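Colleague: Below you will find the structure I want to go over with you.
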Amino acid sequence: MDTTLADPLVGRLLDGRYRVDSRIARGGMASVYLAMDVRLDRTVAVKVMHRSLAEDPAFVRRFIGEAKSVASLSHPNVVAVFDQGTDGEHVYLSMEYVPGRTLRDVLRERGRLPAREALEIMIAVLAALGAAHRAGFVHRDVKPENVLLANDGRVKVVDFGLARAIEGSNHQTRTGFMIGTIGYMSPEQVTDGRADARSDVYASGIMLFELLTGQPPYSSESPMAVAYKHVHETVPAPSSLVPDIPPAIDRLVADATAKDADDRPADAGALLVAAVEVHRALPPGGAAPPPPPQADAAARVAGLHQTGEHWTGTGPVGPDRAGPGPVAAPRTGPNRTMVQPKLELPTESTRRSRSRSRRRIGPQWVAIGVLAVVMLAGIGFTAWYFSQGQYTTVPNLLNKNIVAAQSEATKLGFRVTVAKAENSDKVAENMVLRTDPAWGSSVPKGSPLTLIPSAGPVKVVVPDVANLTEGAARSKIAQSGLTVGKVIKQGSPTVPRGQVLRTSPQIGSKVREGREITIIVSSGLLMPDVTEMPREQAEQFLREKGLNPQVVEQVDDAPAGTVIAQSPAAATPVDKGAVVQITVSRNENIVCFGPFGECPPPGQEQQLIPVPDVRFKDVRDAQEELRRAGFQVRVRGVARSGRVFAQHPMGQVPPGTRITIWH
């Protein structure tokens with residue numbers, strides 16, 4: 001049975017803004033709904049707190065404060081919080097909707113994961129937690145249920161701030177429960193309720209152990225027994241259960257799950273650095289662990305009885321689960337509803353009843369025969385009536401141009417109207433999406449016919465993210481219904497390092513909803529390559545870039561006054577006003593300008609011709625002018641302005657000399 005049918009929130013407009021479409025998950029503290037933000041026309045996930053929490057004024061105050069704080073946490077691996085509010089007895093949180101599954105769902109389906117895949121998931125989780133720790137947040141409830149794996153491969157962490165809102169509220173005092181999930185609680189959380197960034201590190205280590213082995217390190221029928229083990233026992237090495245796990249991963253888990261918080265990495269950022277190093281040292285590839293042997297039907301039923309789950313035909317559904325969605329409910333305690341399969345066998349009275357039914361079938365055939373005759377007569381009358389020309393059939397106008405379809409339907413005698421266009425991912429804009437009545441329908445001649453044109457796919461405007469940081473740009477693009485694809489680094493003398501220069505497609509253009517947007521991020525001012533450039537032109541160019549050049553001369557075979565080296569090297573990030581050094585050749589020998597820099601033999605000196613000055617001209621025009629004058633041309637893009645700002649050599653040189661131009 002679909003439990004959402006009995007949910008009073010489904011179909012309601014929450015707070016005058018969120019149209020609740022369906023319930024997608026239910027947990028111990030809240031239910032999560034798929035909803036439409038009618039004000040901004042976007043799909044969101046709305047988390048509504050259970051009434052027991054919403055009735056606690058202390059919780060509501062802390063929840064609102066935490067929601068405001070968490071909304072400022074912008075990170076690609078953190079589920080964004082858009083809004084918070086109350087509607088009567090309902091306290092809710094509006095969040096980014098992430099279509100996909102929870103990490104718990106993946107573990108139930110696949111069991112343990114290969115070491116490389118487990119580390120890659122944890123690296124994304126630790127990146128999110130690290131950003132939170134830097135901002136002063138502690139999650140307090142890190143577990144697979146709070147990690148979402150989106151359909152497009154993104155990893156997202158959810159529920160920042162919820163545990164903190166409960167902590168210290170009247171609800172906690174009344175119920176006396178500890179904040180967190182017992183299987184992932186650090187020793188200090190169990191003993192005295194303290195939680196800081198190192199508590200999240202401990203939970204992350206427990207979760208990594210579970211990803212690698214397919215099971216938590218501690219299990220017991222009693223939650224208090226599990227809590228006791230967290231305090232008094234050492235988490236075993238994952239390789240004790242899966243022998244092929246490398247020792248480096250064992251050390252990573254041991255460091256994260258140290259009993260003394262001071263012995264753990266200081267925060268998730270420190271653990272992230274260690275995890276990345278371990279991941280980098282893993283051998284490439286790596287096959288997934290073999291699936292568990294297929295259990296027979298009896299064993300499967302027995303296993304379901306033990307877990308309190310029932311089989312739906314597509315997978316197990318527990319008593320506290322409402323289906324896939326951005327947040328899956330935690331499975332709580334050993335007391336779960338037992339669903340026993342029931343097999344009913346026919347009794348003697350049932351068989352006698354069926355026998356009597358078969359004996360009574362005879363007279364029913366008479367009624368069926370009469371009904372068949374009546375139906376045949378009706379069909380014949382209908383065919384005769386239609387043949388008199390009173391009715392016509394709606395033609396198939398789908399996917400035709402709206403103007404052509406309107407003309408065609410009018411010629412057939414319909415009274416045509418064109419309705420408001422509707423979005424469609426399959427039918428192009430200004431083509432007929434559907435008709436009312438539908439094509440193939442038989443209607444009286446001269447009937448009205450409504451054509452509904454397609455508006456094409458939903459399009460959104462690429463938001464203005466110029467001069468934002470990469471993280472802020474990602475958040476703003478995601479809120480617009482788009483996704484970030486490639487991130488390209490590009491030097492810029494004007495935009496500070498790390499800020500967005502532009503996007504592709506460009507800002508302000510309308511694109512299909514969900515399209516990937518490329519963002520170009522500034523690498524700041526980069527040291528240009530001025531080697532082989534004449535000294536005066538190199539100095540002038542560097543000063544125009546906001547740099548302070550210092551010249552060092554060095555004896556060299558290169559033509560005198562030519563830049564032969566530079567420091568910093570080309571493409572190195574530099575700050576405006578920085579002192580840079582260029583080394584210039586000092587050569588008192590005769591300089592020759594043969595095609596390869598060689599001098600002609602004595603007595604065979606070549607005629608010298610003037611080199612056109614092509615500085616400040618268009619690059620293509622400059623190339624053409626130099627070639628017409630009888631020179632070879634070499635083009636070097638440094639500023640890439642499209643205009644020549646330097647050339648070498650100048651003056652008079654032999655015909656065929658190679659002239660280098662910079663733009």
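The numbers here are math on the coordinates, done by the rules we state, and not lab data. The structure presented is a predicted model; accordingly, all values stated were derived computationally and were not measured. Every residue, glycine as well, gets a Cβ built from its backbone with ideal geometry; the counts of neighbours run over all protein chains shown.
Colleague: Counting Lys +1, Arg +1, Asp -1, Glu -1, what net charge surrounds Pro236 among other residues with beta carbon under 15 Å of its beta carbon?
Modeller: That sum, taken over residues with Cβ under 15 Å, equals 0.
Colleague: Within straight cross-link reach of Lys486, meaning Cα distance under 18 Å, which aspartates and glutamates are found once same-chain residues fewer than 8 apart are removed?
Modeller: Asp152, Asp464, Glu470, Glu513, Glu516
Colleague: Of the peptides 236-246, 644-654, how do they stack up when ordered by the mean number of other Cβ atoms within 10 Å, highest first? Kindly include the intermediate steps, with their values, before the conclusion.
Modeller: Working: 236-246: 15.4, 644-654: 17.8.
Order by mean packing, descending: 644-654, 236-246.
Colleague: In this model, which of Lys426/Lys476; Lys143/Lys259; Lys489/Lys545; Lys400/Lys426; Lys400/Lys459 are farther than 24 Å apart at the alpha-carbon?
Modeller: Details: Lys426/Lys476 27 Å; Lys143/Lys259 18 Å; Lys489/Lys545 19 Å; Lys400/Lys426 13 Å; Lys400/Lys459 22 Å.
The pairs that break the limit, which is 24 Å between Cα atoms, are Lys426/Lys476.
Colleague: Under 8 Å for C-alpha pairs, at least 6 residues apart: give me the relative contact order for the stretch 459-522, rounded to a whole percent.
Modeller: Relative contact order here is 46 percent.
Colleague: Another one. Order these peptides, 494-503, 567-576, 114-123, by their mean beta-carbon neighbour count within 10 angstrom, highest first.
Modeller: The most tightly packed comes first, giving 114-123, 494-503, 567-576.
Colleague: Size of the stretch 96-142 along its principal axes in angstrom, Cα-based, largest extent first?
Modeller: In descending order, the Cα extents are 35, 26, 17 Å.
Colleague: Leaving out same-chain residues fewer than 8 places away, which aspartates and glutamates sit with a Cα under 12 Å from that of Lys156?
Modeller: List returned: Glu96, Glu145.
Colleague: Another question, if that's okay. When the Debye formula is applied to the Cα atoms of the stretch 526-591, each taken as the same point scatterer, what base-10 log of I(q)/I(0) results at q = 0.29 Å⁻¹?
Modeller: -1.27
Colleague: Let me ask something additional. Please arrange Phe82, Phe63 by how many other C-beta atoms lie within 10 Å of their C-beta, fewest to most.
Modeller: Ascending number of Cβ neighbours within 10 Å: Phe82, Phe63.
Colleague: Then there's this: How big is D for the stretch 446-559, in µm² s⁻¹ as a whole number, if Stokes-Einstein is applied with the Kirkwood radius of its Cα pairs at 4 °C and 1.567 mPa s?
Modeller: The estimated diffusion coefficient comes to 73 µm²/s.
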